[in-house]
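*Asks:* Mind looking over this structure? Questions follow.
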Amino acid sequence: MKSKSSKTKSPKTPKTDLPGPDVHGLRELPGLQVDGYSLQLRDKDGFIGEQASQTAFRELLERWRKRRRKTGKDPLGSLHSSDLSKKQLDLALQKTVSEAADVMHGAIEEFAEELAFVIQRFKRQPSWEKVQRIVIGGGFPESDVGERAILQTGAILEEMGVHVQLGRLSHDVDDGGLIGWVHLAPRAMLKGHDAILAVDIGGTNVRCGIVKTRHRKARDFSLAKVVRREKWRHADEDPNRGNMVDYIAEMLEDTVRYSERKKIRLAPFIGIGCPGLIRQDGSISRGAQNLPGDWESHAFHLPSEVLRRMPMIGSGPTLVLMHNDAVVQGLSELPFMRDVKHWGVLTIGTGLGNASFTNVP
C-alpha cells in the first residue's frame with residue numbers, strides 16, 4: 001500500500017537506485033533481475049514442488065516405516081514421522097549399522113530422487129533454464145538428514161545430465177529470510193540509520209528480527225547481519241489469520257523497544273517476506289495455501305494491517321513492503337553470487353519455495 005510519506009522519484013534519480021519506494025514484489029533491483037518466483041508446476045499428483053518439501057520427506061519416511069512394521073518392530077519408535085524432531089532423525093542417521101539408519105537412508109534416497117526430478121522440471125521452464133547455481137535454503141538443509149539429501153540430489157542430477165551447482169545458504173537458515181531485505185529497502189531510508197526491521201512468515205514459523213545494514217567495509221551488504229531475532233512456531237498453536245497478524249505486530253513492537261534500549265537507530269521501514277505471488281499493491285494472488293486462513297482474500301492486505309498497528313518508527317512514518325519469502329531469502333546470497341550470471345534458490349520448508357535471478361551490469 002502506498003504510504004502518504006512516499007515521494008515520487010525525480011527523473012535525476014540514479015539508475016542504481018530502486019524503481020519506486022512503495023512497490024511490493026519488485027522484479028528489477030540494482031544489478032539484478034528477478035526472473036521468476038513461486039513457480040507452480042502440476043502433474044497428475046498435484047503441484048510437483050510439494051513432492052520435495054520438508055512435509056513430503058516426513059511422509060516418505062512414514063511410508064518406509066510402515067513397510068518395516070509389516071515385518072517387525074519400527075526402529076524409530078511409536079511417534080509419527082511428522083512429530084519426530086530433526087535431532088532425533090539425525091541421531092537415527094548416525095547409527096551407522098542399524099535398522100533405523102537403513103530406514104533413514106531409504107527415505108533420504110527417495111527424497112533426493114524427488115528433489116532432482118523437481119529441479120529437472122524447473123530447468124525446463126524459461127525462467128529457470130539458464131540457472132547455473134541453486135542455493136538451497138529453508139529449514140530442511142540445516143539438519144544432517146537434509147544435508148545428506150542435498151548431496152545425493154547433486155549426484156543424481158549429474159547422472160541425469162542436469163548440470164547445475166547446488167549450494168547451501170551462507171547465513172543461518174533463520175536469518176536469510178530477514179537479511180535479504182537490505183537489498184529491497186529504499187536506499188534513501190537507510191541513510192542515517194543503523195538497521196531495519198524484517199519479518200519472515202512461513203508455514204510453520206514466523207521470524208522477526210533487526211538487520212544491521214551499516215558497515216563501512218561492505219557497502220554491498222555482504223556483512224549485513226541479524227543482531228536480534230524472535231521466532232514463533234505458530235504451527236503448534238493453530239492460530240487464525242487475525243491472531244497471526246496481532247502476534248506479528250507484538251513481535252515488531254517488542255523489537256522496536258529493544259532497539260530503543262540498545263540505541264539502535266531503526267529506519268522507519270518493515271520488510272515482510274511471505275509465501276505466494278505478491279502483487280505490486282501488496283496483496284497475494286496465489287501460493288499462500290500453507291498459511292492459516294485465507295491470505296489471498298481481496299479483503300485482506302497484510303502491509304496495511306501492519307502499518308495500522310505501527311504507523312511510526314522513531315520520528316518517521318513507517319513504510320511497509322512485502323515480497324515473496326523465497327525471493328528475500330535468495331537476495332541474502334546476492335553478494336556471493338557475482339561469479340555466475342543466472343542463479344536460483346529453493347527453500348525447503350513446509351512447502352517448496354523457489355525464485356530465479358539474473359545478474360545484470
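All of the numbers you see were taken from the coordinates with simple rules; none came from a lab. Note that the coordinates shown come from a computational prediction; the quantities given were computed from them, not determined experimentally. Using ideal geometry, Cβ is built from the backbone for each residue, glycine included, and neighbour counts are taken over all protein chains shown.
*Asks:* To the nearest 20 debye, what charge dipole does segment 71-191 have about its Cα centre, counting +1 at the Cβ of each Lys and Arg and -1 at the Cβ of each Asp and Glu?
*Replies:* 700
*Asks:* Determine the distance separating the Cα centre of segment 280-338 from the Cα centre of segment 231-263; give it in Å without decimals.
*Replies:* Segment 280-338 and segment 231-263 have Cα centres separated by 15 Å.
*Asks:* Which residue fluctuates the most in the chain, going by a Gaussian network model with Cα springs under 10 Å, if the choices are 75, 292, 317?
*Replies:* Taking springs between Cα atoms under 10 Å, the residue moving most is 75.
*Asks:* Moving on to the next point. Calculate how steeply helix 241-261 sits against the longest principal axis of the alpha-carbon atoms of the chain, using the helix alpha-carbon long axis, and give the answer as 0 to 90 degrees to the nearest 10.
*Replies:* With rounding to tens, the tilt is 60 degrees.
*Asks:* When DSSP assigns beta bridges and you keep just the ones with both residues in the chain, what percent turn out antiparallel, to the nearest 5?
*Replies:* 65
*Asks:* With springs connecting C-alpha atoms under 10 Å apart, model the chain as a Gaussian network and identify which of 283, 143, 98 has the largest mean-square fluctuation.
*Replies:* 98
*Asks:* In the structure displayed, which of 123/341; 212/262; 123/225 lie more than 20 Å apart, Cα to Cα?
*Replies:* Listed pairs above 20 Å: 123/225.
*Asks:* When 103, 327 are ordered from fewest to most other Cβ atoms inside 10 Å of their Cβ, what list results?
*Replies:* Going from least to most buried by this count: 103, 327.
*Asks:* Here's something else I'd like to know. Provide the per-residue ³J(HN,Hα) series for segment 326-342, in order, calculated from phi with Karplus coefficients 6.51, -1.76, 1.60 and θ = phi - 60°, each as a whole number of Hz, with x at glycine and proline positions.
*Replies:* Calculated HN-Hα couplings, in order: 5, 4, 5, 4, x, 5, 5, 8, 3, x, 9, 10, 6, 8, 10, 8, 10 Hz.
*Asks:* Once you list every other residue whose beta carbon is under 14 Å from the beta carbon of residue 242, what net charge do they have if Lys and Arg are +1 and Asp and Glu are -1?
*Replies:* In short, -3.
*Asks:* Report the local net charge at residue 51: Lys and Arg +1, Asp and Glu -1, summed over other residues whose C-beta lies under 12 Å from its C-beta.
*Replies:* -4
*Asks:* A further question on this structure: With the calculation restricted to Cα positions, what are the radius of gyration and Dmax of the chain in angstrom?
*Replies:* Cα radius of gyration and Dmax of the chain are 20.9, 74 Å respectively.
*Asks:* Among 81, 118, 165, whose Cα sits farthest toward the positive end of the charge dipole of segment 42-168 (+1 at Cβ of Lys/Arg, -1 at Cβ of Asp/Glu, about the Cα centre)?
*Replies:* So the residue we want is 81.
*Asks:* Right, something else. Please give me, ordered by residue number, the trypsin sites (Lys or Arg not before Pro) of segment 44-142 that lie in loop per DSSP and have at most 16 other Cβ atoms within 10 Å.
*Replies:* In loop regions of segment 44-142 (DSSP not H, G, I, E or B), the sparsely surrounded trypsin sites (Lys or Arg not before Pro) are 44, 70, 73, 95, 124, 130.
*Asks:* Rank 50, 305, 333 by mean-square fluctuation in a GNM of the chain with C-alpha springs under 10 angstrom and give only the top-ranked residue.
*Replies:* Greatest mean-square fluctuation among the candidates belongs to 305.
*Asks:* Next question, about the same structure. If you line up the long axis of helix 54-69 against the longest principal axis of the chain, both from Cα atoms, how many degrees apart are they, to the nearest 10?
*Replies:* Tilt of helix 54-69: around 10 degrees.
*Asks:* Return a whole-number percent for the relative contact order of the chain, with Cα pairs under 8 Å and 6 or more residues apart as the contact set.
*Replies:* Over the chain, the number comes to 25 percent.
*Asks:* In segment 213-316, how does Rg compare with the Kirkwood Rh, expressed as the Rg/Rh ratio over alpha carbon atoms?
*Replies:* When Rh is taken as the Kirkwood radius, the ratio is 1.00.
*Asks:* Add +1 for every Lys or Arg and -1 for every Asp or Glu among the other residues with Cβ under 12 Å from the Cβ of residue 68, and state the total.
*Replies:* Charge balance in the 12 Å sphere: +3.
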